[in-house]
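Asker: The structure follows.
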Amino acid sequence: MLELTDEEIRSSFVNCPKGETKRMTYPPTMPLLDWEDMDFLGWVDPKAPGRAYLVIDSGEQPIGVALRLPNGGPKADFFKSMTCSFCVTVHPAGGVRLFSAPKPGKAGRQGDTVGLYVCADLACPLYARGKRESSLIQPAETIGREERIQRLRLNVDRFVTRFLDGRG
């Protein structure tokens, strides 16, 4: 992913008002990002833990998606472990969260959302590259690092396509 400026990030969001993008807070680790290892930029707002943000490089311009987390935090006792829909990393309870995105345009104003279970820290690119590890033993895979990265990109693209479908 190409390095993005603050203005490029804030202006990329398609499903939230400008006021929200002005109030969003970046994580303290943002300046330390290795942009070459990022297939997307994702973070939970440190000042508003019920809000998260995802920015992808669509080739032409970045697309930002404002995400919401359910109230009450992760339900640690509900599942013993869960698998991320993006990077397919298995995490202990609470390591995967349900993120939902109000669709852009008319569909979103009518309450239409898209949701999925993703790594709670949105560090999927790092898990796919083996630069961050879950505390659980992962199922054996017959694919290598590059194939895991391609699978991550494909899963993110599918989510964004589903999110953008029917906007208007």
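The values are calculated or read from the model by the stated rules, or taken from the named source; none is laboratory data. None of the values given here were measured: they were computed from a predicted structure. Ideal geometry is used to build each Cβ from the backbone, glycine not excepted, and the neighbour counts take in all protein chains shown. All accessible areas refer to the heavy atoms of the entire protein, side chains included, with ligands and DNA or RNA removed. Shrake-Rupley method; radii C 1.70, N 1.55, O 1.52, S 1.80 Å.
Asker: Mind checking which residues of the range 10-67 are modelled with pLDDT under 85 and among the small types (G, A, S)?
Answerer: S58, G59
Asker: Could you grab me the full set of residues in the range 34-62 that are hydrophobic (A, V, I, L, M, F, W, C), within 14 Å of E8 (Cβ to Cβ) and in a loop (DSSP other than H, G, I, E, B)?
Answerer: M38
Table: residues versus (1) surrounded by fewer than 21 Cβ atoms within 10 Å (Cβ to Cβ); (2) assigned to a strand (DSSP E or B); (3) over 18 Å from the mean Cα position of the chain (by Cα).
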| position | (1), (2), (3) |
| --- | --- |
| M82 | no, yes, no |
| S85 | yes, no, no |
| S100 | yes, yes, no |
| L116 | yes, yes, no |
| D121 | yes, no, no |
| G130 | yes, no, no |
| S134 | yes, no, no |
| Q138 | yes, no, yes |
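Asker: Scan the range 28-50 for residues that are surrounded by fewer than 16 Cβ atoms within 10 Å (Cβ to Cβ) and closer than 18 Å to R68 by Cβ and report the count.
Answerer: 5
Asker: I would also like to ask the following. Just one of (1) in contact (Cβ under 8 Å) with a residue 60 or more places away in the chain; (2) basic (K, R); (3) out of contact with any strand residue (DSSP E or B) (no Cβ under 9 Å at 6 or more places or on another chain) trips up K103, so point out which.
Answerer: (3)
Asker: Looking at the range 1-56, which of its residues are aliphatic (A, V, I, L, M), without any contact (Cβ under 8 Å) to a residue 60 or more places away in the chain and farther than 22 Å from A107 by Cα?
Answerer: M1, L2, L4, I9, M24, M30, L32, L33, L41, A48
Asker: What's the number of the only condition in (1) out of contact with any helix residue (DSSP H, G or I) (no Cβ under 7 Å at 6 or more places or on another chain); (2) touching a residue at least 24 places away in the same chain (Cβ under 8 Å) that G59 fails to meet?
Answerer: Failing condition for G59: (2).
Asker: So in the range 140-160, with the set limited to residues that are open to solvent by 70 Å² or more (accessible area, probe 1.4 Å) and of a type in the set (A, V, I, L, M), which one is farthest from W43 (Cα to Cα)?
Answerer: Among residues in the range 140-160 that are open to solvent by 70 Å² or more (accessible area, probe 1.4 Å) and of a type in the set (A, V, I, L, M), the one farthest from W43 (Cα to Cα) is A140.
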